[in-house]
Structures are given as structure tokens and as C-alpha cells.
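Trainee: My questions all concern the structure below.
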Amino acid sequence: MIKNNNEKLVKSIYKTITSYKKVTIFMHTNPDNDAYGSSLAMARWLRNMKIDARIAATDKIISEIVKGQYDKSIPKADKKFITNSLAIVLDLGVSKNLICDDFYLCKDSVRIDHHPKVETFCKKEWVDTMYCSASEMVGWFILANNPKKLDKKICEALYVGILSDSGNLQFPSTQASTYELVAKFYDYKFDKQEKQKELYLKHWKDVEMNSKLLKHIQVVDNQIAYLIIKPKLAKKYNIPDGDAKVYLMSNIEEFKIWFGIYWNKEKQCWKVSIRSRDYHVREVATQFGGGGHDLASGFTINSLKEVNQIIEACQKLLQ
Ligand SMILES: [Mn+2]
């Protein structure tokens, strides 16, 4: 369902998209399952309509997409392809987190996103925080415009994005319409079980490693928890780049706000992922120049000396 009287905007974005022969899809750096899911679904749907849609991504990301058994038929967009194509930006709130600068080579741009709007950087933007995920928005976008070209693989990609951004349909962002969309996927006999396995099955070695990491979690006032993953610790436990391990602290009744910090080698700064069930931690992220969702946000700091300031900001939010 298209919410907040945005039907006209959605139609006009569709009109723009179908007026192009070349479309490049852009997601955010460190793409998550919602970024992948929405991008792959959009690309496949457009390709089903004979529009040459490709994804702008690094080789590493492409290999991850292939590994994740998504869709090998979607080619990577190179500079030549991107130049003068239409950019579709998905699941991205701020332009500085664009996966690559080639975005600026595009002739025109549209954006579909569910982060709070802080910036306008595309010509047409459908931004609405009433959806649990960009994948949910792409799902409704497809249904509103050309549902005939929806297929099983698109449903699967969207399902993974929706489940993972909504915390398995648990977060408050999950609405009746989210279930309604997922219910429609049943008509396409999507492999629900298989996708859930992909998302939630764990390896014993990871569970073992996580159990060792638990003792590195610091707790303040019995309600704020945090974990600092210094490069040495990351190396010792083979923690993948970009994993703040915040989920180790979630669903614990005492913890009202929790965050994970890791070293970003490429950008030479500390990255912080902050979460809460009830408190709008985006306010904390904004204080440190970051952003995201109300209950799941991120920002960077230059020194661990700033950790005390983060804790103070959390304490203030909890008051
Ligand atoms: Mn998202």
C-alpha cells in the first residue's frame, strides 16, 4: 500500500524509470540485507520489463551477492554504463554514504528510502519512515506499477530485506501492511524456509566466538551496554570488518541502550552502531554527526576518549 497520499509521486517515479533504457541502482556503503534485497528486487523487476538495470557495487559486494545465492543474471554497472543512465538510490538516507561517486555521472536520479529525511540529493524522492524497510517500499512500488513482472526470486529478495530490517517482523516499524505485502508473496511460492535458514542459521564456531566476546561487554548503570572491538580483538576472534556485534546486547531486559564500536581501517576512524528498543538513539547519533533510524543509528568518532561523551549522551536520553 502506498501511504501518506504518495500515489502520484510513485506513479511519476515509475514514469521516469520507464523512460530510461539504462538504469543504475545505488545502495549504501556496507550494504545490509535490506540494501541487497531492495536493489536485487528492483534490478530483476526492471530487467523483467526489458530495461537494462544494473547495480553499482564493488567486486567484493558483487561476490557477496553471488555467494548469497541471489541473482547472478544481474551485471555490475561499470563507469561507461553508469554515465548518462538513470540512478535509482535505494535504502540510503545521506549522500555521503553512497556506495560510489559514479552516482554523479548519472543523467537523472530517483530515490526510494525509509530513513528519516535529512537531505535531498535526487530529483524525485519517495522517502517515508512509515515503512519497515526499503524492500517493503520496493514491494509496494512494484505492486502499484507493474505487478505482472513480479516473480518468485523478487519475492525472496524482498522477504530477506523485510525480515532483516524489521527484526523478523518484530520491530515497531512492522505494520499490518508489512504482513499484507509478505502475504502476497505466498502466491509466488517463494521459499520461505530456505530464506530464513540463510538469515538465521549460525555456525558453532561463531556462537563459540560470541560467547567469548560477551565478557568484553561493559555495562553502565545496569542499563547501558557497549562493546569496543579494537583491531587486536577483531583479529583474535576473526570478526569481519564492519560487524559491531550489537546483536550480542539486544533483547536483554536491563539494557535500554547499547552500542558497538569497531575500527574502520579504510577511513581511519572508529565506527559506532547504537541501538535501543524504546529510546530514540538517533538523537545521540546526530549529536556526533551521524544518523539512521530512531532505534538503530550509527556515527563515527576519532578517538576512544569520546566514549565517555557517548555514555553521557545516552544517560541524558534515558533521564
Ligand atoms: Mn533499510
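FYI, it's all coordinate maths here, none of it is from the lab. For clarity, every value in this text was computed on a predicted model and none was experimentally measured. Cβ atoms come from the backbone with ideal geometry, glycine included; neighbour counts cover every protein chain shown.
Trainee: At 0.890 mPa s and 25 °C, plugging the Kirkwood radius over alpha-carbon pairs of segment 177-269 into Stokes-Einstein gives what diffusion coefficient in µm²/s?
Mentor: For the chosen part, D equals 155 µm²/s.
Trainee: First measure r as the distance between the Cβ atoms of K202 and S250, then evaluate 1/(1 + (r/R0)^6) with R0 = 22 Å and state the FRET efficiency to the nearest 0.05.
Mentor: It comes out at approximately 0.90.
Trainee: Next question, about the same structure. Rg (Å, one decimal) plus Dmax (Å, integer) for the alpha carbons of segment 4-152?
Mentor: In order Rg, Dmax, the Cα atoms of segment 4-152 give 13.8, 39 Å.
Trainee: Could I ask something else about it? Taking every alpha carbon pair in the chain, what does the distance histogram look like in 20 angstrom bins from 0, in percent?
Mentor: 32, 58, 10
Trainee: May I ask you to sort S297, S173, S211 by Cβ crowding, counting other Cβ atoms within 10 Å and putting the fewest first?
Mentor: Ascending Cβ contact count within 10 Å gives the list S211, S173, S297.
Trainee: Which net charge results for the neighbourhood of S177, defined as the other residues with beta-carbon distances under 12 angstrom from its beta-carbon, given Lys and Arg at +1 and Asp and Glu at -1?
Mentor: -1
Trainee: If you project the alpha carbons of segment 204-318 onto the principal axes, what extent comes out on each, in Å, largest first?
Mentor: 36, 33, 23
Trainee: Please give the charge dipole size of the chain, origin at the Cα centre, charges +1 on K and R Cβ atoms and -1 on D and E Cβ atoms. Round to the nearest 20 debye.
Mentor: Dipole magnitude for the chain comes out near 960 debye.
Trainee: Trypsin sites (Lys or Arg not before Pro), restricted to segment 236-319: which are DSSP loop and have at most 12 other Cβ atoms within 10 Å?
Mentor: K265, K267
Trainee: Here is a follow-up. Output needed for segment 112-264: three equivalent-ellipsoid semi-axes, defined as square roots of 5 times the C-alpha gyration tensor eigenvalues, in descending order, whole Å.
Mentor: Equivalent ellipsoid semi-axes, largest first: 34, 20, 15 Å.
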